[in-house]
1. So is residue 74 under 25 Å from residue 386 (Cβ atoms), surrounded by fewer than 23 Cβ atoms within 10 Å (Cβ to Cβ) and touching a residue at least 12 places away in the same chain (Cβ under 8 Å) or not?
2. Among all residue pairs at least 6 apart or on different chains, which show Cβ distances below 6 Å where the first residue, located in the range 352-366, is farther than 15 Å from residue 155 by Cβ and the second is modelled with pLDDT of 95 or more?
3. Show the residue pairs meeting these rules: Cβ distance below 6 Å; 6+ apart or different chains; first residue within the range 395-413 and under 21 Å from residue 136 (Cα atoms); second residue modelled with pLDDT of 95 or more and in a helix (DSSP H, G or I).
4. What's the total number of residues in the range 316-340 that are touching a helix residue (DSSP H, G or I) at 6+ places or on another chain (Cβ under 9 Å), under 30 Å from residue 225 (Cβ atoms) and surrounded by fewer than 17 Cβ atoms within 10 Å (Cβ to Cβ)?
5. Inspect all residues belonging to the range 291-311 and state whether any of them is at pLDDT 95 or above and part of a loop (DSSP other than H, G, I, E, B).
6. What are the residue pairs meeting all of these: first residue in the range 211-224, first residue within 18 Å of residue 311 (Cβ to Cβ), second residue in a loop (DSSP other than H, G, I, E, B), Cβ atoms under 6 Å, and 6 or more apart or on different chains?
7. Considering only residues that are in contact with a helix residue (DSSP H, G or I) (Cβ under 9 Å, 6 or more places away or on another chain), surrounded by fewer than 23 Cβ atoms within 10 Å (Cβ to Cβ) and touching a residue at least 60 places away in the same chain (Cβ under 8 Å), which ones fall in the range 421-434?
8. Quick check on residue 320: is it within 19 Å of residue 374 (Cβ to Cβ) and within 24 Å of the chain's Cα centre (by Cα)?
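The values are calculated or read from the model by the stated rules, or taken from the named source; none is laboratory data. For clarity, every value in this text was computed on a predicted model and none was experimentally measured. Positions of Cβ are generated from backbone atoms using ideal geometry, with glycine treated the same way; all protein chains shown enter the neighbour counts.
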């Protein structure tokens, strides 16, 4: 994360140009929507604005209009060749009875970088007067979306022109995100909020070489927003990589999360579905590899969400928010031979990483000794606590958060505000392997994290939980 973080609020940034018009969602009540509302009302009478909430939602298409390198698989050998499913940025704005606002932006992307988060946060604070701790940038982590900013450049054989194309897309994307936040805020209207969870079972722990039956998190936390007596938005998450499609796919696609969102919206006209990825860095969909598998998992998740929508519990305010950075020290800067011997990494990736480290030394005088990780806590009264962690966070953190804070109804989210690399638990770090440290080469970090990483994150989160209580 950049130097623009001053306490909990982001101060620095650059102004990005407008690229594409945003479509604020409008309430349309056709026969199917009327039946949806009737079904929900049969479970619990709708209490319009009973808790003083206001909410608004907006959506923008962020599908690249030109061919770009796709993020997520180092094995890819070519940039994108077309669109199989459009990609979106969606903003949900919520305001409590005291006028305090929260905005979550969900993105069909691998993730944003720290630099993007700095610039977007500063522009949103300047243009929309939203404090940085009250803006959450959450990604689906689809591996069929574009490379953004300087993300994972070690993984790809990019030309100078391809780098310029990514930079141009990133600038335009940042402007779209700032604008979609504004559109959601302008759409604020009296609302009710309802929370709960369901389950989906297709996530499987992928570190089978270390533990054949490793931990997973099958919960699907949900937040339903009703406006005008009808469901207007459903925010949900699942702790599983969006890697159903493999490196052979070179068409833009939201993976299972994209299918799930589209299926929910098709079944409930006028409703916007927004997806965040949980702490599932060590989980993959099972089975995977084909478009049929994508459809299977997406429809299964959509069915679970739709089945639980009517049984969610109303929640009240006020809202509280906090955001901070925790320093994660690197164990050491590894040599090329150490990367190869410890993690089994190969050329050309080790060579590209070596050149990048040389460039950083020449520019800064030394390699970084730690990585800043953003941590964010949002409380909705006493009913719900959303905890967002930066990076690719393994499932142990979600399970520990719920264990350490059993009375806080914790909703853990990963891939938030800055996706800088994998974040292993002590267990995963000790086991080693890709999630335990090897992956940080592709993210352009000098080495694996040291053994204090989990304790540092847990201590910082505990402090944020206390100050928002």
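1. no
2. Partner pairs satisfying both residue conditions: 360/367.
3. If the second residue must be modelled with pLDDT of 95 or more and in a helix (DSSP H, G or I), the pairs left are 410/401; 410/402; 412/398; 412/401.
4. The qualifying residues number 0.
5. no
6. 218/201; 220/200; 224/312
7. Those that are in contact with a helix residue (DSSP H, G or I) (Cβ under 9 Å, 6 or more places away or on another chain), surrounded by fewer than 23 Cβ atoms within 10 Å (Cβ to Cβ) and touching a residue at least 60 places away in the same chain (Cβ under 8 Å): 432, 433, 434.
8. So residue 320 passes the test.
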